[in-house]
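What follows is a set of notes on a single structure, which appears directly below.
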Amino acid sequence: MIGQVPTYDKGLPHTIQNLYTNRGLPIPLETERAPVDNDPLGIDEQMKIIKYPQGASFVSIDDVLCKFDKCRTLVGPNLATDLIVWDYGHLTKSGAYYLSEKLFNDLIISGES
């Protein structure tokens, strides 16, 4: 089972515009965590403590996309196609591909398949 994609209060494009574009700053691969609402209902934390049957587990998407005080913004060099989400929390095609690749690689490394 996987958790919720981290969401942006006013949407990632709006956040990028306010933090970087309007200030003439380059858009980084990761943004500050401040505009990200990673788990508004505390569901990730609840899901992490459940005892799952053998072969089942929970993966927090927040743990994959956000580290410390930063969250993934881009998954490649092209702003038009490589944002991680296209609004407040829906993955783009590039974002979905990036995330599925990360999740699949993590499962292989951990020996769960």
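Laid out as a table, the results:
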| read-out | value |
| --- | --- |
| Conditions (1) in contact with a Pro (Cβ under 9 Å, 6 or more places away or on another chain); (2) under 16 Å from residue 4 (Cβ atoms); (3) not in a loop (DSSP other than H, G, I, E, B); number of the one not met by residue 15 | (2) |
| Hits in the range 18-40 - residues which are modelled with pLDDT under 90 and either polar (S, T, N, Q) or part of a helix (DSSP H, G or I) (or both) | 19, 31, 38 |
| Lone qualifier among 65, 41 - being touching a residue at least 40 places away in the same chain (Cβ under 8 Å) and under 18 Å from residue 1 (Cα atoms) | 65 |
| Candidates 33, 23, filtered to the one that is of a type in the set (Lys, Arg) and touching a strand residue (DSSP E or B) at 6+ places or on another chain (Cβ under 9 Å) | 33 |
| Criterion violated by residue 82 - all others in (1) in contact with a helix residue (DSSP H, G or I) (Cβ under 7 Å, 6 or more places away or on another chain); (2) among the acidic types (Asp, Glu); (3) at pLDDT below 85 satisfied | (3) |
| Residue selected from the range 37-51 under the condition charged (D, E, K, R) and over 14 Å from the mean Cα position of the chain (by Cα), by the criterion surrounded by the most Cβ atoms within 10 Å (Cβ to Cβ) | 48 |
| Hits in the range 1-29 - residues which are more than 15 Å from residue 86 (Cα to Cα) and in contact with a Cys (Cβ under 9 Å, 6 or more places away or on another chain) | none |
| Residues (more than 14 Å from the chain's Cα centre (by Cα) and farther than 20 Å from residue 103 by Cα) located in the range 52-81 | 77, 78, 79, 80, 81 |
| Test set (1) more than 15 Å from residue 12 (Cβ to Cβ); (2) touching a strand residue (DSSP E or B) at 6+ places or on another chain (Cβ under 8 Å); (3) at pLDDT 90 or above - residue 69 fails condition number | (3) |
| Residues located in the range 16-35, provided they are without any contact (Cβ under 8 Å) to a residue 40 or more places away in the chain, closer than 15 Å to residue 69 by Cβ and either surrounded by fewer than 15 Cβ atoms within 10 Å (Cβ to Cβ) or among the β-branched types (Val, Ile, Thr) (or both) | 32, 34 |
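The values are calculated or read from the model by the stated rules, or taken from the named source; none is laboratory data. Since we're looking at a predicted model, the values are computed, not measured. Please note: Cβ atoms are built from the backbone with ideal geometry, for glycine as well, and neighbour counts cover all protein chains shown.
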